[in-house]
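The values are calculated or read from the model by the stated rules, or taken from the named source; none is laboratory data. Source: prediction; values computed, not measured. FYI the Cβ positions are ideal-geometry reconstructions off the backbone, even for glycines, and counts take in every protein chain you see. All accessible areas refer to the heavy atoms of the entire protein, side chains included, with ligands and DNA or RNA removed. Shrake-Rupley method; radii C 1.70, N 1.55, O 1.52, S 1.80 Å.
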Amino acid sequence: MEQGTGSSFSSLRAYGRALAQTPRRLARRAGSVTTTYEEMSQVKARSGPDMQRALRWPDLVGLGLGGMVGAGVFVATGRAASHHAGPAVVLSYAIAGLCALLSAFCYTEFAVDMPVAGGAFSYLRVTFGEFAAYMTGANLVMEYVFSNAAVARSFTAYLGTAIGVATTHKWRITVAGLPKGFNQIDFLAVGVVLVISLCICYSTKESSVLNMVLTAIHILFIFFIIVVGFWRGDARNFTHPADPAAHAGGFLPYGVAGVFNGAAMVYLSYIGYDAVSTMAEEVKDPARDIPIGVSGSVAVVTVLYCLMAASMSMLVPYDKMDTESPFASAFSGSDGWRWVSNVIGVGASFGILTSLVVSMLGQARYLCVIGRSRVVPAWLARVHPATSTPVNASAFLGVCTAAIALFTDLDVLLNLVSIGTLFVFYMVANAVVYRRYVAVGTTSPWPTAAFLAFFSVVSVVFTLVWRFAHPGKAKAVLLGGCTVCAALALQLFQFFVRQARKPEFWGVPLMPWIPAASIFLNVFLLGSLDGPSYLRFGSFSAVAVLAYVLYSVHASFDAEENGSLAVEMADVGRQPHLEGADQDGSLKV
């Protein structure tokens with residue numbers, strides 16, 4: 001390998017030469033994979049000081065709860081019940097929780113085997129290469145920045161509900177001349193983002209303690225809502241709408257299809273558990289703490305959501321639910337119980353704060369590890385020696401989030417956030433299967449790749465038939481045919497293709513059935529999103545690909561050509577050898 005070739009960005013002439021070599025560099029870097037050992041050693045060493053291992057499983061459960069139980073459930077329940085599932089929205093939350101748990105299993109296997117801060121970015125890089133990881137990382141960072149900005153702005157609205165003031169009208173400044181959706185300045189949202197950014201820059205452990213306190217208070221408010229709902233509610237509302245002449249009765253007024261469509265809508269309330277996997281580098285005992293933290297938090301949240309949905313269904317008939325703020329509206333018109341609306345506003349406000357703490361912790365660690373790969377500027381990867389936190393990434397993303405939250409209403413981008421997140425979950429489920437059955441240089445990747453491609457195609461066909469085919473016998477036959485094809489492919493793959501490796505500490509059970517179920521459910525949920533969301537996703541992906549071609553591939557190529565890996569290995573050699581990983585990155589079987 002040629003050493004010391006200089007930077008592709010040192011001058012316009014050097015950059016021009018780099019662009020001329022783009023095809024060769026893409027062929028060399030786009031599919032390049034790292035090993036588990038490399039991710040745990042020299043790649044990790046590029047951040048300088050290590051992050052402090054100070055978290056236990058209670059911290060991870062708290063972070064998972066804080067990341068998931070935000071404001072989403074207070075909005076999604078009314079929309080899903082009114083338009084899709086009716087009182088069976090309880091089942092919708094259970095199905096969505098199962099889907100989240102299956103994805104959580106896939107995340108957990110990677111996080112235990114490779115406890116680094118990169119989350120899905122690192123998992124995809126050791127499996128499918130640099131370009132797949134880059135696209136995953138771009139979607140993750142986009143999701144976090146946009147959703148955190150939107151959540152920060154919603155804090156202003158929910159705080160108004162808590163104190164009985166129309167804060168969105170009184171505290172936001174409208175600027176004439178700016179286009180609608182970008183013309184309301186929200187300084188409170190900016191303040192919240194900046195304060196949380198300072199907290200997560202200071203210390204991860206202290207941020208976890210702050211999250212635990214806020215989450216505990218939030219959970220108390222949720223229990224209060226559940227208890228009051230069951231106390232004040234009427235079980236007849238599970239089967240009797242307010243207007244029987246205009247709306248169907250029964251527990252399943254929209255049928256089984258409505259339950260699954262409702263699950264697609266409420267699934268967004270579970271997004272946030274993936275941030276726990278980014279804390280793996282700061283966990284004291286990853287093999288024990290991560291499975292409990294990730295899966296345990298999803299299970300607890302599923303129970304809470306089902307109870308909240310049940311209490312809401314008892315309080316108000318599904319055809320009378322407010323689709324914007326169902327819990328608050330259920331009490332606002334009740335004499336003597338309007339104060340409960342204020343309590344709900346307080347609870348939602350705490351939920352927003354915990355969601356922001358966890359999301360901003362996660363986004364900084366994603367960007368830190370992306371910086372280690374050199375596909376973004378390397379200074380974003382630095383860990384501060386005094387705080388043991390990725391200060392540069394935390395501060396940079398905090399400023400970006402605050403700037404967007406200042407003036408942008410992001411309602412039109414929320415589905416873009418959803419599609420990006422589901423795409424990442426889909427990729428991780430594929431990666432865990434591929435990595436179990438394919439060992440580079442030992443086994444052929446084609447049987448596994450063919451199975452994953454076929455299963456994805458069948459999942460897409462099933463989703464399209466479910467969504468667009470007219471009800472009837474033909475639709476039932478097509479859906480049944482897809483189900484038989486998928487099950488047969490799974491059985492044949494399991495019988496004829498042997499696993500190339502087995503995790504030493506923790507692995508997804510019932511391989512490959514659980515990851516396959518996760519692949520199908522994520523494809524199915526992607527099919528519930530609207531067409532404009534895919535256009536926005538395609539536009540964002542095109543911009544991300546352009547950035548990779550114009551900058552990232554050349555930066556990572558320079559890092560390889562200039563021998564930075566060899567330099568970093570000098571420090572790595574003084575570190576103890578990683579248990580459970582051979583020098584080639586393979587696991588002990």
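Can you go through A263, A248, A235 and tell me which one is small (G, A, S) and in contact with a Cys (Cβ under 8 Å, 6 or more places away or on another chain)?
None of the other options fit; the residue is A263.
Scan (1) surrounded by 20 or more Cβ atoms within 10 Å (Cβ to Cβ); (2) closer than 26 Å to A85 by Cα for the single condition L353 breaks and write down its number.
Result: L353 fails condition (2) only.
For segment 279-324, enumerate the residues that are out of contact with any Leu (no Cβ under 8 Å at 6 or more places or on another chain) and not in a helix (DSSP H, G or I).
Residues satisfying the conditions are D285, V316, P317, M321, D322, T323, E324.
Would you check if R435 is charged (D, E, K, R) and more than 23 Å from M142 (Cβ to Cβ)?
yes
Within segment 160-191, can you find the residues that are open to solvent by 20 Å² or more (accessible area, probe 1.4 Å), at pLDDT 80 or above and of a type outside the set (G, A, S)?
Once the filter is applied, which keeps residues that are open to solvent by 20 Å² or more (accessible area, probe 1.4 Å), at pLDDT 80 or above and of a type outside the set (G, A, S), segment 160-191 yields I185, F187, L188, V190.
Give T156, T215, T161 a once-over and let me know the one that is in contact with a Lys or Arg (Cβ under 8 Å, 6 or more places away or on another chain) and assigned to a helix (DSSP H, G or I).
T156 is the lone residue from the list that is in contact with a Lys or Arg (Cβ under 8 Å, 6 or more places away or on another chain) and assigned to a helix (DSSP H, G or I).
Just the residues that are within 20 Å of G293 (Cβ to Cβ) and buried (at least 19 other Cβ atoms within 10 Å of the Cβ), please, taken from segment 40-61.
M40, M51, L55, W57, D59, L60, V61
Identify all residues within segment 476-526 that are in a loop (DSSP other than H, G, I, E, B), open to solvent by 20 Å² or more (accessible area, probe 1.4 Å) and either closer than 22 Å to T36 by Cβ or aromatic (F, W, Y) (or both); write none if there are none.
If the condition is that a residue be in a loop (DSSP other than H, G, I, E, B), open to solvent by 20 Å² or more (accessible area, probe 1.4 Å) and either closer than 22 Å to T36 by Cβ or aromatic (F, W, Y) (or both), then V497, R498, Q499, A500, R501, K502, P503, E504, F505, W506, G507, P509 are the ones that fit.
Please indicate, with yes or no, whether at least one residue in segment 106-120 is in a helix (DSSP H, G or I), over 14 Å from the mean Cα position of the chain (by Cα), over 30 Å from A544 (Cα atoms) and among the aliphatic types (A, V, I, L, M).
no
Exactly one of these conditions fails for S533: (1) assigned to a loop (DSSP other than H, G, I, E, B); (2) of a type outside the set (D, E, K, R); (3) out of contact with any Phe, Trp or Tyr (no Cβ under 9 Å at 6 or more places or on another chain); (4) farther than 26 Å from V438 by Cβ. Give me its number.
(1)
Can you say whether A264 is assigned to a helix (DSSP H, G or I) and at pLDDT below 80, as far as the supplied structure shows?
Taking the combined requirement at face value, the residue satisfies it.
Would segment 468-485 turn up any residue that is more than 19 Å from F260 (Cβ to Cβ) and touching a strand residue (DSSP E or B) at 6+ places or on another chain (Cβ under 6 Å)?
Checked segment 468-485: no residue is more than 19 Å from F260 (Cβ to Cβ) and touching a strand residue (DSSP E or B) at 6+ places or on another chain (Cβ under 6 Å).
Give just the number: which of (1) open to solvent by less than 10 Å² (accessible area, probe 1.4 Å); (2) more than 21 Å from the chain's Cα centre (by Cα) does M321 not satisfy?
Every listed condition holds for M321 apart from (1).
From the set of residues in segment 435-448 that are in contact (Cβ under 8 Å) with a residue 40 or more places away in the chain and farther than 11 Å from V497 by Cα, which is most open to solvent (accessible area, probe 1.4 Å)?
Only one residue fits best here, namely V440.
Within segment 17-39, how many residues are under 15 Å from V375 (Cβ atoms) and either of a type outside the set (A, V, I, L, M, F, W, C) or open to solvent by less than 20 Å² (accessible area, probe 1.4 Å) (or both)?
9
Can you tell me which residue among D319, D285 is touching a helix residue (DSSP H, G or I) at 6+ places or on another chain (Cβ under 9 Å) and farther than 30 Å from H83 by Cα?
None of the others qualify; the one that does is D285.
Of the conditions (1) on the phi > 0 side of the Ramachandran plot; (2) open to solvent by 30 Å² or more (accessible area, probe 1.4 Å), G129 clears all except one; give me its number.
Failing condition for G129: (2).
Is there any pair with a first residue in segment 222-251 that is outside any loop (DSSP other than H, G, I, E, B) and a second that is open to solvent by less than 60 Å² (accessible area, probe 1.4 Å) and of a type in the set (D, E, K, R) whose Cβ atoms are under 7 Å apart and which are 6 or more apart or on different chains, and what are they?
none
Looking only at segment 360-384, which residues are touching a residue at least 60 places away in the same chain (Cβ under 8 Å), surrounded by fewer than 22 Cβ atoms within 10 Å (Cβ to Cβ) and part of a helix (DSSP H, G or I)?
The answer is A378, and nothing else.
Kindly evaluate T204 against the criterion of being without any contact (Cβ under 8 Å) to a residue 60 or more places away in the chain and farther than 14 Å from I370 by Cβ.
Here the answer is no, as T204 does not meet what is asked.
Every residue in segment 57-72 that is assigned to a helix (DSSP H, G or I) and either among the aromatic types (F, W, Y) or out of contact with any Phe, Trp or Tyr (no Cβ under 6 Å at 6 or more places or on another chain) (or both), please.
Listed by number, the residues that qualify are W57, P58, D59, L60, V61, G62, L63, L65, G66, G67, G72.
Can you confirm whether segment 173-188 contains a residue that is more than 20 Å from the chain's Cα centre (by Cα) and in a helix (DSSP H, G or I)?
Yes, that holds for at least one residue.
Could you go through segment 449-466 and let me know if any residue there is out of contact with any helix residue (DSSP H, G or I) (no Cβ under 8 Å at 6 or more places or on another chain) and either among the hydroxyl-bearing types (S, T, Y) or buried (at least 16 other Cβ atoms within 10 Å of the Cβ) (or both). Even if it seems obvious, please write down each step before you answer.
Applying the first criterion (out of contact with any helix residue (DSSP H, G or I) (no Cβ under 8 Å at 6 or more places or on another chain)) to segment 449-466 yields 450, 453, 457, 464.
Checking the rest, the ones that are also either among the hydroxyl-bearing types (S, T, Y) or buried (at least 16 other Cβ atoms within 10 Å of the Cβ) (or both) come to none.
Within segment 449-466, none of the residues are out of contact with any helix residue (DSSP H, G or I) (no Cβ under 8 Å at 6 or more places or on another chain) and either among the hydroxyl-bearing types (S, T, Y) or buried (at least 16 other Cβ atoms within 10 Å of the Cβ) (or both).
If N148 passes every condition in (1) within 30 Å of Y548 (Cα to Cα); (2) touching a Leu at 6+ places or on another chain (Cβ under 7 Å); (3) open to solvent by 10 Å² or more (accessible area, probe 1.4 Å) but one, which one does it miss?
Failing condition for N148: (3).
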